[in-house]
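One structure is given below, encoded as structure tokens.
The values are calculated or read from the model by the stated rules, or taken from the named source; none is laboratory data. Computed from a predicted structure; not experimentally measured. Counting neighbours? That spans all protein chains shown, and the Cβs are built from the backbone with ideal geometry, glycine included. With ligands, DNA and RNA removed, areas are computed over all heavy atoms of the protein, side chains included. Shrake-Rupley method; radii C 1.70, N 1.55, O 1.52, S 1.80 Å.
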Amino acid sequence: MSDTRSMNGQSAGPGPGARDRILANVRKALDVPGGRADPREAVVDLRIAERRRHLLPARATLPSADLRAQFASYLIRGKASVIDVADLAGVPLAIAEYLRSQNLPLTLRMGDDPRLRDLPWNTVSAMTVKLGRAEPATDTVTLSYAVAAAAETGTLVLASGPDNPVSLSFLPDTHLVVLEAAMLVGAYEEAFDLVRKTLGDRVMPRTLNFISGPSRTADIGGIPVMGAHGPIHLAVFVIG
Amino acid sequence: MAACGTLKRMKPTAADFKANARVALDDPQLQRALSGLPTGLVAQRTAAKAALPEFEAFRNIGRDVKNHMLANLDLYLERYEAQATANGAVVHWAETASDACEIIAKICRDVDAKLVTKGKSMVSEEIGLNDHLEAEGLRVVETDLGEYLVQIRKEHPSHIIVPALHLTEQQVEAEFREKHTHLPKDRPLPDPASMVAEARAIMRQNYIDADVGITGANFLIAETGSTVIVTNEGNGDLTQSLARVHIVITSIEKVVATLEDVAPLLRLLARSATGQDISNYVTFSTGPKRAADPDGPEQYHVVILDNGRSDMLGSEVRDVLRCIRCGACMNHCPVYGAIGGHAYGWVYPGPIGAVLTPAQLGVKSGRHLPGASTFCGSCASVCPVKIPLPDLMRKWREAEFRQGHQTFLAKAGLRTWAGLAKRPWAYHLAARFAALTLGALGRGRGGFRSLPFAGGWTKHRDLPAPQGRTFQQLWAEQQKGLAPDV
């Protein structure tokens, strides 16, 4: 075997030629001609168009009641709170109750999502609701709406945008998420399909965020600690 | 060496492996830090694997998915680039480490950056990015807690997913007291939680003040033009979402076709790495912030590095490009467990490093690493994408022999061995002679505390004395039915 040389060798420097030289070297390594006549072109295009699923684990294909129980149990194991709410109209009261139980002020920040904005916030008299991105230091509690969730690991899926700014998910100490039970599926692949249905084919938000618990680290002595850089608490309100 | 910058931190010392290993074995702090591996990451992986009955099936899928991507790497890179660009990304290509550093430095200059925050990225370690940017007058802050610890100690990571694995809780406390001089000297730091809180408070302002946020990528997705990061702390998300500019530094072998191809790899990655079912945060980033978005970066750059990988693709070690950087091979390696990561002397330690380092630094500099193996096979048996790591190490050993980098003694020993092994009659004779003489000499105590030419063995354990007959003799007798119980 010969030494690989690129690291020690001379490059022509960054610039437009680098791309073609790298791809040419890949083709040389694969011993393929390249160009439109390459039979691999059709194979690759088909794979991207088909988006064929591989195996789904059994834990992702349970009956829906079991999926919901499993979803909650994995989130709770991951140190999140899970609160069942009968309908969307009950969310403000459920949030107020949670915040009081945590000894937190009844103030929260959320994006301009009509599904959250139009909730009956006036049912909680002392609640202050601000719209927009999270402001550091002042916004300690935020609220987001999940576009999907996967029960195979207790994972929420959030899509960034004006309705749910990404800073809401990472800046506060306490992050609240509303999930409608109809958006809870078993596998990641099913969650991806829900995102495609909501946003469009091959369309992604600036960030699609899988969240499976509050922020954590084990970088000091291997000992798990919650609240490394992101939220210290995560509470999920499952609706319906 | 083409890694850029002044190389204060990442001067390769792989050629000094033997000396490094000796120092590591005699370092009591390191030995204490390493002692947690079997009950920590190893046990956690075992439990996570047991909780997913399809784990073995997913290993085969993971191997096949990555093999397909590598066989069509040029085409998937082209499609990734087209889709990412259509979504507003600026894609850059870097043949070497210094090219990648220069591309990133230029982006920073163009936006007049002063402060750069950085999420965990092994590719950024590989190219020596921090040193390069600091030489340009930028302040670079590592935001992953482990990387931050390593940065303030002016070290480099000793593990690819747990950068400060070599440090004990007590060392971190001492480090914080020494470096965080703006805080009261006698403040209580009784446990990791209090130290994490201290680091969290310090890092907050950096995220907000940063001009540029740099992250790595675990995967690139051709279908959507996205980059994917996987973290537990959320630092990578604050890094990329609060800065004006997000730069992703990644490498060519990270591309996969679709979200469906990423799903099985995600199921393997966290379970193999930390024994979690999934890492806390998996983030798919696509383009800069949209017009109506109230937050997110205004610019989104992706720097795709080759740095020897396209050469590896056409070599005997091609399979190593399947690696998804979980660290399971080092967690399970008896050599890594004894000496830690720094002794390997280059960015990637453990079995994966023993295969990558000779490819990146050359056979001569990296020659000790493929030899630093018991060939027990644990690494291959836990690898989520079934890389035959011992086989690949053997390829490097053969290359080392062919290129004549071994010592005179090793060469002479191998030649003698080969001479005997090719002549069974001579081998049997030599074995019988050794068994008889050693057996006779050691009969009294049953073993030897020291032997000429075998000091390396007898320094740490006795050599048992042979019990009389050789294996070949026993085997021949058993075949004749004389000794059925052997």
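For region B:98-112, a tally of residues being among the charged types (D, E, K, R), more than 24 Å from the chain's Cα centre (by Cα) and within 10 Å of chain A (Cβ to nearest Cβ) returns 2. Can you name the condition, by its number, that A:P162 falls short on among (1) without any contact (Cβ under 8 Å) to a residue 60 or more places away in the chain; (2) within 12 Å of chain B (Cβ to nearest Cβ); (3) closer than 30 Å to B:E54 by Cβ? Unmet for A:P162, out of (1) without any contact (Cβ under 8 Å) to a residue 60 or more places away in the chain; (2) within 12 Å of chain B (Cβ to nearest Cβ); (3) closer than 30 Å to B:E54 by Cβ: (3).
Listed conditions (1) closer than 28 Å to B:P349 by Cα; (2) away from chain A (no Cβ under 12 Å) are all met by B:E147, apart from (2).
Taken as a whole, region A:132-146 holds no residue that is under 29 Å from B:P163 (Cα atoms), within 8 Å of chain B (Cβ to nearest Cβ) and within 13 Å of the chain's Cα centre (by Cα).
Scoring B:W93 on the criteria (1) farther than 30 Å from A:R36 by Cα; (2) not in a helix (DSSP H, G or I) leaves a single failure, condition (1). B:L145 meets the conditions (1) buried (at least 24 other Cβ atoms within 10 Å of the Cβ); (2) farther than 19 Å from B:P297 by Cα; (3) touching a Leu at 6+ places or on another chain (Cβ under 9 Å) in every case but one. The failed one is (3). Here is the figure for region B:154-191: residues that are without any contact (Cβ under 8 Å) to a residue 60 or more places away in the chain, out of contact with any His (no Cβ under 9 Å at 6 or more places or on another chain), surrounded by 16 or more Cβ atoms within 10 Å (Cβ to Cβ) and part of a loop (DSSP other than H, G, I, E, B) total 3.
Does B:I161 satisfy the criteria of being in contact with a helix residue (DSSP H, G or I) (Cβ under 9 Å, 6 or more places away or on another chain) and under 22 Å from B:N331 (Cβ atoms)? Answer is yes for this residue.
Quick grid of which residues meet (1) open to solvent by less than 20 Å² (accessible area, probe 1.4 Å); (2) touching a residue at least 24 places away in the same chain (Cβ under 8 Å); (3) touching a helix residue (DSSP H, G or I) at 6+ places or on another chain (Cβ under 8 Å):
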| position | (1), (2), (3) |
| --- | --- |
| B:A359 | yes, yes, yes |
| B:G366 | yes, yes, yes |
| B:P370 | yes, yes, yes |
| B:F375 | no, no, yes |
| B:P384 | yes, yes, yes |
| B:W396 | yes, yes, yes |
| B:F408 | no, no, no |
| B:R415 | no, no, no |
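Among the residues of region B:257-292, write down those that are buried (at least 23 other Cβ atoms within 10 Å of the Cβ), charged (D, E, K, R) and closer than 20 Å to A:I211 by Cβ. Hits for region B:257-292 are B:R267, B:R271, B:K289.
Conditions (1) of a type in the set (V, I, T); (2) under 40 Å from the mean Cα position of the chain (by Cα); (3) modelled with pLDDT under 80, marked per residue:
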{"site": "B:W417", "(1), (2), (3)": "no, yes, no"}
{"site": "B:R423", "(1), (2), (3)": "no, no, no"}
{"site": "B:H428", "(1), (2), (3)": "no, no, no"}
{"site": "B:S450", "(1), (2), (3)": "no, yes, no"}
{"site": "B:W457", "(1), (2), (3)": "no, yes, yes"}
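Checked against the criterion of being under 23 Å from B:V90 (Cβ atoms), under 25 Å from the mean Cα position of the chain (by Cα), more than 8 Å from chain A (Cβ to nearest Cβ) and touching a residue at least 12 places away in the same chain (Cβ under 8 Å), region B:283-298 has no qualifying residue.
Considering region B:192-226 alone, what residues qualify as being more than 23 Å from A:G227 (Cα to Cα), open to solvent by less than 10 Å² (accessible area, probe 1.4 Å) and more than 10 Å from chain A (Cβ to nearest Cβ)? If the condition is that a residue be more than 23 Å from A:G227 (Cα to Cα), open to solvent by less than 10 Å² (accessible area, probe 1.4 Å) and more than 10 Å from chain A (Cβ to nearest Cβ), then B:V212, B:F219, B:L220 are the ones that fit.
Listed by position, the helices (runs of 4 or more DSSP H) contained in region A:15-104 that have at least 2 residues being within 26 Å of B:G225 (Cβ to Cβ) and at the interface with chain B (Cβ under 10 Å from one of its Cβ atoms) are A:16-30, A:40-50. The residues listed here are A:T174, A:T153; of these, the one that is within 7 Å of another protein chain (Cβ to nearest Cβ), of a type outside the set (A, V, I, L, M, F, W, C) and closer than 19 Å to A:I76 by Cα is A:T153.
Only residues that are at the interface with chain A (Cβ under 7 Å from one of its Cβ atoms) and in contact with an Asp or Glu (Cβ under 7 Å, 6 or more places away or on another chain) were counted in region B:150-176, giving 2. For B:R109, state whether it is open to solvent by 20 Å² or more (accessible area, probe 1.4 Å) and farther than 22 Å from B:Y336 by Cα. For B:R109, the condition - open to solvent by 20 Å² or more (accessible area, probe 1.4 Å) and farther than 22 Å from B:Y336 by Cα - is met. Look at region A:74-87: where a residue is farther than 12 Å from A:A235 by Cβ and in contact (Cβ under 8 Å) with a residue 12 or more places away in the chain and a partner is open to solvent by 40 Å² or more (accessible area, probe 1.4 Å) and in a loop (DSSP other than H, G, I, E, B), sitting 6+ places away or on another chain with Cβ atoms under 7 Å, you get A:D87/A:G240. Identification of strands (runs of 3 or more DSSP E) wholly contained in region A:106-224 with 2 or more residues that are among the hydroxyl-bearing types (S, T, Y) and open to solvent by less than 50 Å² (accessible area, probe 1.4 Å) yields A:141-145. What residue, among those in region B:76-88 that are surrounded by fewer than 24 Cβ atoms within 10 Å (Cβ to Cβ) and of a type outside the set (S, T, N, Q), is farthest from the other protein chains (Cβ to nearest Cβ)? Applying the filter and picking the extreme gives B:A82. The number of residues in region B:371-401 being in contact with an Asp or Glu (Cβ under 9 Å, 6 or more places away or on another chain) and in a loop (DSSP other than H, G, I, E, B) comes to 4. Among the residues of region B:345-355, none qualifies, meaning not one is open to solvent by 10 Å² or more (accessible area, probe 1.4 Å) and not polar (S, T, N, Q). Report yes if some residue within region A:14-35 is surrounded by 18 or more Cβ atoms within 10 Å (Cβ to Cβ) and modelled with pLDDT under 95; otherwise report no. Yes, because at least one residue in region A:14-35 is surrounded by 18 or more Cβ atoms within 10 Å (Cβ to Cβ) and modelled with pLDDT under 95.
Quick check on B:A440: is it farther than 30 Å from B:P358 by Cα, in a helix (DSSP H, G or I) and touching a Gly at 6+ places or on another chain (Cβ under 9 Å)? So B:A440 fails the test.
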